[in-house]
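Worksheet: one structure, shown below.
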2 protein chains.
Amino acid sequence: MLFSNFELNETEPIYIQIKNQISDMINKGLIPNESKLPSTRELSDIFKVSRNSVILAYEELKAEGYIYSISGKGTFASSKEVSSNGGWNIDWNNLENFYCKTANEMDIIKNEIEWRDDLISFKSISPNGELFNIEELKKSFLNRISLEGHKILNYGYAKGYKPLIDYLLNYMNSKGVDTSNKDILITNGFTEGLDLVISSFTNKGDHIICENPTHNTAIKIFRACGLNIVGVDIDKDGLNFDMLDEKLNQHSKSPDSKIKLAYITPSYHNPTGIVMSPEKRYQFYNLMKKHNIAIIEDGFNEELLYSSSHIFPICSLDNFSNGVIYIGSFSKILFPGMRIGWILADKALINKLESVKRCKNIHVSFLDQGILFDYLQNGGFDKYVKKIRKFYGDKFNFAYECIHKYIDSDYILGDGGLHIFLKLKNIDSRELLTKCYGDGVIFMPGDIFYLDDKGYDTVRLGFSRLSYEEIEKGIRIIGKNIDELS
Amino acid sequence: MLFSNFELNETEPIYIQIKNQISDMINKGLIPNESKLPSTRELSDIFKVSRNSVILAYEELKAEGYIYSISGKGTFASSKEVSSNGGWNIDWNNLENFYCKTANEMDIIKNEIEWRDDLISFKSISPNGELFNIEELKKSFLNRISLEGHKILNYGYAKGYKPLIDYLLNYMNSKGVDTSNKDILITNGFTEGLDLVISSFTNKGDHIICENPTHNTAIKIFRACGLNIVGVDIDKDGLNFDMLDEKLNQHSKSPDSKIKLAYITPSYHNPTGIVMSPEKRYQFYNLMKKHNIAIIEDGFNEELLYSSSHIFPICSLDNFSNGVIYIGSFSKILFPGMRIGWILADKALINKLESVKRCKNIHVSFLDQGILFDYLQNGGFDKYVKKIRKFYGDKFNFAYECIHKYIDSDYILGDGGLHIFLKLKNIDSRELLTKCYGDGVIFMPGDIFYLDDKGYDTVRLGFSRLSYEEIEKGIRIIGKNIDELS
């Protein structure tokens, strides 16, 4: 097509015309640098001229440095600066908006010490991949592909893969949730669930209440969306309800400071590891209801609760109402690489979020949803959860003992799960990190979870991917460095 | 935990105390309706009382309607309205923001006629799943899982799976793009790519230029982000460059109306099916460069170009600059269910988008990226593209002939690909759709692709998933109804 529009005149030698046209196109950038040209045979067909004319034209172009040949590979445009087409430099820093700027500034992956495999790293709270039952997953893949490969490999529905949605509705039901007026939207993990809710139901300047400290990703999303974050302290006894009451009353006085949403992680709270008691869940729910503040409940690692049958998610208190949006995810403990989470909420609300999901990225991989459904349905998850509850439970107890033994802390928090939280005695955790890094040990400084500077002397220790030996050695090293800083 | 805080006194019968505590919790909503209670044996362990006391308490609670048992399943809290905890109704319509409202209003899936399998539907332009090589895909899955299953099933990187990124950089290189100062971000398909760019680099009220008509999803994203859309007509000769010039000059006069971005689909433009010539690509690029308007190039179905080696993407003209953001996707033709696309742009720009991607949903499924990489690397895609170019090319020619034969149109557009675009002679395509629906045939009315009401008499016909018989029958029926409306 590029060459087929040539018109050859009768006055000049054909090879000169071809040469001039091609050099002109190269000058204009129409034939990009290093791109492959048609072969002499192809070009003679396109121009309907003898192959010799094309060979001659190519020889001239080579001589002038426009093109070059590699034997067996073909002929290419040379890589010289194109005169009419030099630098165009857009100032993207100037074009980026508030969301982009904030997401970059708060990107801890870019700003924290990178993992290296010679470090003992307590930074991660991702699951230990060695526990994944990959044989079961293979079976689920092969089964689902043979049953409906053509279907799950083609476009699906924004809301999600129906069998998975039905499975999860039942699953939520088993946690005590009446799902008769609820529905589920499948999301790319918890993070997308939260981002969808925030980017659908807030405007810049809106107020949101949350625990302080809280999940760093949540703070990042709230800040990127320009929200005013109202923090309520968590101390060693859990959420400070007096402070919560006070903030609620204070903000309810003026319509401008009215709080719109509340974000809460009742189980294995990140970073403190605290599990909220049923009584406090009830108290929290009713307070929010009284102030008409919708709740976003983060179902974080709820699956790890030993006695899960007797602790209900907050959304189970909201059965006949629409005040709670529950965001769940298995991917914090199972196959995080697949990125599957869900939002459970009132039907009309899910209907709204479905269109937002479609607008942003159409749907979550139907292949992954199909595989996960098959795996869940065949009981793979139940077996897995039993195994990891014991595995991580034992590890938690061991890490807890090590901390008790080696670390001089103000207090230690955590009820299980994949991490433990420490409040040190007035020791700067960044300074500690620098020292520990010198000894080959890293951890997550607690300040990234705080809305203010209260967390400067706190530390989150994730132990899920470390061996017992590494846990003990790492904690000993941290303890030693704390003693040196004291 | 819920039950472990009970304190039993010495004065009342134990079964009465248990009964009262449980009924109290049910009244307060602490034990949600329909949730399962511990077995009598479990509860007697928790309370450290005789099992008989618990059995008695449960009998009393059953008698009063608080709980019920299903033999073999257990005991459950009854589903009666909870007094202290009745309706809480949040007005989500009032809380939704502009993005959410717009995404819902413009959701064509919710507003258009639904597909039923007894309809001949020309609505879809998704690929024919029967052409997918599922055996090759299985091999790629099993291969990748056995090589690095633990890795691709755990958390990955926001930018994407490194081997896939490298493969795609090479692939773009083979299209004539110098990738030395470019990088790639893997996205959940084209749609997420566009949403990421728009939600990172625009603010409400910014101006964007695009073809009119254009991809409906793009219009939806622009509107949801509150952009001012400046349309440039496409007519039977393609993009109207005079109009483009005029709009550019008009908008460059005042800083308030300055155009920030341009969105363009040079190959198999959706909906018109036009392929832009290399000369026009060059002209467009230089115009945008002159006005310093960054280009978002939609690589839509470029892979279907028969003579693809001689038509370069616009981004190949931008090798040493940073003015073009190219968004590519195989998922329009290959495994759309997997949702994998990519953004190719200047390195510094991709670095920014990487943090935005991480903020929004961490990363695209590493399992899917691993499988796709393996499939591509083993030559599966090359074989597939050869097959479908012929398959869809033949279908296109057949559909084109049928339209020519049966439909009285103003003009027919399309250079191949998976759809054909018709301009009728002043016939309302919505009215036509209603009539055709009665005859079991549906199509996509062109108006959804227009920024104004110019498209009222246009129609997009997608034929990828229809048989030759269905194509001919469907087009005959559409033609008949057009004749009746004329």
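The values are calculated or read from the model by the stated rules, or taken from the named source; none is laboratory data. Here the structure is a predicted model, which means the values were calculated and not measured. Note that we place each Cβ from the backbone using ideal geometry, even for glycine, and neighbour counts take in every protein chain shown. Remember, those area values only see protein heavy atoms, side chains included, never the ligands or the DNA or RNA. Shrake-Rupley method; radii C 1.70, N 1.55, O 1.52, S 1.80 Å.
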Seminar exercise, completed: Quick count over region A:244-260, residues being within 14 Å of chain B (Cβ to nearest Cβ) and not basic (Lys, Arg), is 2
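For every residue, the table says whether it meets (1) at pLDDT 95 or above; (2) in contact with a strand residue (DSSP E or B) (Cβ under 6 Å, 6 or more places away or on another chain).
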position	(1), (2)
A:Asn133	no, no
A:Leu168	yes, yes
A:Tyr171	no, no
A:Lys204	yes, no
A:Cys210	yes, yes
Seminar exercise, completed: Note on region A:70-81: residues open to solvent by less than 60 Å² (accessible area, probe 1.4 Å) and at pLDDT below 85 are A:Ser78
For this session: Being of a type in the set (D, E, K, R), closer than 25 Å to B:Lys236 by Cβ and modelled with pLDDT of 90 or more narrows it down to one of B:Arg339, B:Arg281, so name that one.
Result: B:Arg281
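Matching residues to (1) open to solvent by 10 Å² or more (accessible area, probe 1.4 Å); (2) in contact with a Phe, Trp or Tyr (Cβ under 8 Å, 6 or more places away or on another chain):
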site: A:Lys182; (1), (2): no, no
site: A:Asn216; (1), (2): yes, yes
site: A:Gly238; (1), (2): no, no
site: A:Ser257; (1), (2): yes, no
Seminar exercise, completed: Counted residues in region A:113-152 being of a type outside the set (Lys, Arg), farther than 18 Å from A:Pro336 by Cα and either part of a helix (DSSP H, G or I) or free of Cβ contacts under 8 Å to residues at least 12 places away in the same chain (or both) come to 11
Exercise. A:Tyr171 fails exactly one of the following numbered conditions: (1) open to solvent by 30 Å² or more (accessible area, probe 1.4 Å); (2) not in a helix (DSSP H, G or I). What is the number of that condition?
Worked result: (2)
Exercise. Being away from every other protein chain (no Cβ under 13 Å) and either hydrophobic (A, V, I, L, M, F, W, C) or surrounded by 24 or more Cβ atoms within 10 Å (Cβ to Cβ) (or both), is that true of even one residue in region A:197-208?
Worked result: no
Problem set entry | Considering residues of region B:287-313 that are at pLDDT below 85 and acidic (Asp, Glu) only, the residue nearest to A:Trp88 (Cα to Cα) | B:Glu302
Exercise. If we keep just the residues of region A:143-157 that are more than 7 Å from every other protein chain (Cβ to nearest Cβ) and over 17 Å from A:Val364 (Cβ atoms), which is nearest to the chain's Cα centre (by Cα)?
Worked result: A:Asn143
Seminar exercise, completed: Considering region B:16-49, residues that are small (Gly, Ala, Ser) and touching a Gly at 6+ places or on another chain (Cβ under 9 Å), and then whichever is nearest to B:Gly65 (Cα to Cα), we arrive at B:Ser35
Problem set entry | Unmet criterion (only one of (1) open to solvent by 10 Å² or more (accessible area, probe 1.4 Å); (2) under 30 Å from A:Glu135 (Cβ atoms)) for B:Ile186 | (1)
Problem set entry | Residue list for region B:367-402, restricted to those being farther than 13 Å from B:Asn143 by Cβ, open to solvent by 10 Å² or more (accessible area, probe 1.4 Å) and aromatic (Phe, Trp, Tyr) | B:Phe391, B:Phe396, B:Phe398, B:Tyr400
Exercise. Just a yes or no: is a residue in region B:320-330 within 10 Å of another protein chain (Cβ to nearest Cβ), closer than 27 Å to B:Ile165 by Cα, surrounded by 24 or more Cβ atoms within 10 Å (Cβ to Cβ) and not polar (S, T, N, Q)?
Worked result: yes
Exercise. Inside region B:212-299, counting only helices (runs of 4 or more DSSP H) that do not spill past its ends, which hold 1 or more residues that are closer than 26 Å to A:Asp24 by Cα and free of Cβ contacts under 8 Å to residues at least 60 places away in the same chain?
Worked result: B:241-251, B:278-290
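Regarding B:Leu61, is this residue within 26 Å of A:Ser180 (Cα to Cα) and either in contact with a helix residue (DSSP H, G or I) (Cβ under 8 Å, 6 or more places away or on another chain) or modelled with pLDDT of 85 or more (or both)?
When the stated conditions are applied, B:Leu61 passes them.
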Seminar exercise, completed: Taking region B:25-54 and keeping only residues that are crowded, with 16+ Cβ neighbours inside 10 Å and either on the phi > 0 side of the Ramachandran plot or over 49 Å from the mean Cα position of the chain (by Cα) (or both), one is left with B:Gly29, B:Glu34, B:Thr40, B:Leu43, B:Ser44, B:Ile46, B:Phe47, B:Val49, B:Ser53, B:Val54
Exercise. Just to be sure, is B:Thr191 within 14 Å of another protein chain (Cβ to nearest Cβ) and crowded, with 24+ Cβ neighbours inside 10 Å?
Worked result: yes
For this session: Would you be able to tell me the number of residues in region A:414-448 that are over 25 Å from the mean Cα position of the chain (by Cα) and on the phi > 0 side of the Ramachandran plot?
Result: 2
Problem set entry | Residue count, region B:114-125 (criterion: surrounded by fewer than 18 Cβ atoms within 10 Å (Cβ to Cβ) and either within 14 Å of B:Thr217 (Cβ to Cβ) or touching a Ser or Thr at 6+ places or on another chain (Cβ under 9 Å) (or both)) | 1
For this session: Inspect all residues belonging to region B:439-447 and state whether any of them is open to solvent by 10 Å² or more (accessible area, probe 1.4 Å) and either within 14 Å of B:Pro271 (Cα to Cα) or of a type in the set (A, V, I, L, M) (or both).
Result: yes
For this session: Inspect all residues belonging to region A:84-103 and state whether any of them is at pLDDT below 85 and either in a helix (DSSP H, G or I) or open to solvent by 90 Å² or more (accessible area, probe 1.4 Å) (or both).
Result: yes
Problem set entry | Per-region count, region A:471-486, residues modelled with pLDDT under 95 and open to solvent by less than 10 Å² (accessible area, probe 1.4 Å) | 0
Exercise. What is the number of the single condition among (1) more than 30 Å from A:Asp107 (Cα to Cα); (2) open to solvent by 30 Å² or more (accessible area, probe 1.4 Å); (3) of a type in the set (Gly, Ala, Ser); (4) outside any helix (DSSP H, G or I) that B:Gly176 does not meet?
Worked result: (2)
Problem set entry | Matching entry among A:Tyr450, A:Tyr456 (being open to solvent by 40 Å² or more (accessible area, probe 1.4 Å), more than 14 Å from A:Asp483 (Cα to Cα) and touching a residue at least 24 places away in the same chain (Cβ under 8 Å)) | A:Tyr456
For this session: Output the residues belonging to region A:418-438 that are part of a strand (DSSP E or B) and open to solvent by 10 Å² or more (accessible area, probe 1.4 Å).
Result: A:Lys423
For this session: Given the conditions (1) more than 21 Å from B:Glu192 (Cβ to Cβ); (2) of a type outside the set (A, V, I, L, M, F, W, C); (3) in contact with a His (Cβ under 7 Å, 6 or more places away or on another chain), report the number of the one that A:Lys236 does not fulfil.
Result: (3)
For this session: Out of the residues in region B:261-301 that are open to solvent by 10 Å² or more (accessible area, probe 1.4 Å) and among the charged types (D, E, K, R), state the one that is nearest to the other protein chains (Cβ to nearest Cβ).
Result: B:Lys289
